[in-house]
């Protein structure tokens, strides 16, 4: 079953912060986050395994709440290069099939 | 360069024609995927292969067949193309469970069925 992402779209000014959420009705083994720029393939950002860990690099980080089967992607002090569509992908305990949410379009303006 | 290679990059088919999309990865990954992405939409899983010789249906498998020829190659076949199959097709690979580097996507095949 497809994970649910919110919001569908976000518009930011450069330097502002954003949070993108991803939730599932199934018990998750992992949550993946990808960014896709227009006309390009999705690019892997990070993966979180069940256990509630938080990961991050640079100004992009993510958390995974295993009890709620929810993950959040945090973008701080956004840059123009952060613009794109962000997808979460999930794998469940019973299957390693990577299923994606419908995406969140992020636009960062000067 | 290491990665996922898809061919062809562009294709136009007439309704009813058949074709095979090719995908190869050189990262020694076990898992391989085929997704389709319609304009402005998300990625929908067509088929998945956990290892050589195994395949499993995804969210939208109707109208497609796949073949995991060996560990490197995973092909997608459209037996009788329909306009509804106009889309961008992405192949991806990863180690089982996604660790440690997540999935790597090919550059995509843009397919138009007229």
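The values are calculated or read from the model by the stated rules, or taken from the named source; none is laboratory data. Quick caveat, the model's predicted, so the values are computed rather than measured. Counting neighbours? That spans all protein chains shown, and the Cβs are built from the backbone with ideal geometry, glycine included.
Residues in the stretch B:43-57 that are at the interface with chain A (Cβ under 9 Å from one of its Cβ atoms) and surrounded by 20 or more Cβ atoms within 10 Å (Cβ to Cβ): B:43, B:45, B:48.
Results for (1) without any contact (Cβ under 8 Å) to a residue 60 or more places away in the chain; (2) surrounded by 14 or more Cβ atoms within 10 Å (Cβ to Cβ); (3) farther than 18 Å from residue B:45 by Cα, shown as yes or no for each residue.
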residue	(1), (2), (3)
A:12	no, yes, yes
A:39	yes, no, yes
A:46	yes, yes, yes
A:64	yes, yes, yes
A:101	no, yes, no
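Could you go through the stretch B:68-77 and let me know if any residue there is closer than 21 Å to residue A:41 by Cβ, modelled with pLDDT of 95 or more and within 9 Å of chain A (Cβ to nearest Cβ). No, the stretch B:68-77 contains no residue that is closer than 21 Å to residue A:41 by Cβ, modelled with pLDDT of 95 or more and within 9 Å of chain A (Cβ to nearest Cβ). Restricting to the stretch B:10-33, name every residue that is part of a loop (DSSP other than H, G, I, E, B), surrounded by 14 or more Cβ atoms within 10 Å (Cβ to Cβ) and more than 14 Å from chain A (Cβ to nearest Cβ). The answer is B:17, and nothing else.
Given the criteria surrounded by fewer than 16 Cβ atoms within 10 Å (Cβ to Cβ) and either closer than 19 Å to residue B:8 by Cα or more than 11 Å from chain A (Cβ to nearest Cβ) (or both), does residue B:108 qualify? So residue B:108 fails the test.
Condition check ((1) over 24 Å from residue A:33 (Cβ atoms); (2) touching a residue at least 40 places away in the same chain (Cβ under 8 Å)) across all residues:
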residue: B:73; (1), (2): yes, yes
residue: B:83; (1), (2): yes, yes
residue: B:88; (1), (2): no, yes
residue: B:91; (1), (2): no, yes
residue: B:96; (1), (2): no, yes
residue: B:102; (1), (2): no, no
residue: B:111; (1), (2): yes, yes
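You will find that of A:32, A:38, the residue that is part of a strand (DSSP E or B) and within 14 Å of chain B (Cβ to nearest Cβ) is A:32 and no other.
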